[in-house]
1. Consider residue 40 carefully, then state whether it is loosely packed, with under 13 Cβ neighbours inside 10 Å and touching a helix residue (DSSP H, G or I) at 6+ places or on another chain (Cβ under 9 Å).
2. Kindly evaluate residue 45 against the criterion of being at pLDDT below 90, among the hydroxyl-bearing types (Ser, Thr, Tyr) and closer than 20 Å to residue 30 by Cβ.
3. Go through the stretch 135-180 and count every residue that is under 13 Å from the mean Cα position of the chain (by Cα), in contact (Cβ under 8 Å) with a residue 40 or more places away in the chain and assigned to a helix (DSSP H, G or I).
4. Pairs please, first residue from the stretch 81-98 and outside the structural domain of residue 194 (by TED's automatic domain parsing), second anywhere and in a strand (DSSP E or B) and among the basic types (Lys, Arg), Cβ atoms under 6 Å, 6+ apart in sequence or on different chains.
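The values are calculated or read from the model by the stated rules, or taken from the named source; none is laboratory data. Since this is a predicted model, take the numbers as computed values, not measurements. For neighbour counting, all protein chains shown are included, and Cβ atoms are generated from backbone atoms with ideal geometry for every residue, glycine included.
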Amino acid sequence: MYKVLAYQVSNTINLKETKSQLDWRLLFQDSDELFYEFTSNQFVYIFQYGMMSFFNMNTEEIDQALGKLRPYCTGDLTEKLSEDVSVVIQKDTLKVEFNKIILPDINAEMIRLVMLNASQSVALTRYSEITETLLVETNEHTKYLERKGKLDISGNKLKRFIGKVLNIKNKISENLYIFDSPEIVWEDEQLNKLNLDLKQTFDLKDRYHLIHDRIDIIKENLELFKDIMDHKESSKLEWIIIILILVEVIDMFILKLI
């Protein structure tokens, strides 16, 4: 039995610098991914959004690989989210089960699909935690609005909060391609079936939709907050104008009396 271990090591990894420094055998690359053969029947998958995945590597070998990658990582994470998947090699069998994946042989492209989907699963877990925290924070503001009839957040803080939500939404769109499949799967029926089964087993699509639903709810609330704040600022401006006009009228009245 073999293991795939995927976990988030940082916010981003500089793939250009990484590629120029590693002497492992490069099997696949694009702007967001590097897939290497570490040694015979051992693989390392590196993603631009700070994710790494390892196949058939022990703790010492993983630490060795991480040591080489550390200089090109930005934004170390205090909590290392991870997921491990058991891979069994059984001749003439291709099956994705809840607790293990059965492959007919150690095929690099099949292994890559397993590592890719495991990595996407970890990324989804991370973004799920982030969006849940944002939703809880948003709910606190709506509860205060319900109780007091006003917002408990300043205009500057609201703008920063909106910016934070938009940045998270952009990162999810950039880094998670749940509905996209690697080009190789369109050329091989077995790979296509494996990819679809992996997405279903990891429940990637439903989890992705849940995250986007949370973001939509948060955005809807923030738009309401912004409208309330704009109305408040508009009311202030109207009162300032009224006061200025009143002062002008009083001043003219006094001048006429004099």
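1. On the way: loosely packed, with under 13 Cβ neighbours inside 10 Å: yes; touching a helix residue (DSSP H, G or I) at 6+ places or on another chain (Cβ under 9 Å): no.
Taking the combined requirement at face value, the residue does not satisfy it.
2. Working: at pLDDT below 90: no; among the hydroxyl-bearing types (Ser, Thr, Tyr): yes; closer than 20 Å to residue 30 by Cβ: yes.
In short, no.
3. Matching residues across the stretch 135-180 total 7.
4. 84/3
Table: residues versus (1) under 30 Å from residue 191 (Cβ atoms); (2) touching a strand residue (DSSP E or B) at 6+ places or on another chain (Cβ under 9 Å); (3) among the polar types (S, T, N, Q); (4) modelled with pLDDT under 90.
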{"position": "102", "(1), (2), (3), (4)": "yes, yes, no, no"}
{"position": "124", "(1), (2), (3), (4)": "yes, no, no, no"}
{"position": "128", "(1), (2), (3), (4)": "yes, no, yes, no"}
{"position": "135", "(1), (2), (3), (4)": "no, no, no, no"}
{"position": "139", "(1), (2), (3), (4)": "no, no, yes, no"}
{"position": "146", "(1), (2), (3), (4)": "no, no, no, yes"}
{"position": "160", "(1), (2), (3), (4)": "no, no, no, yes"}
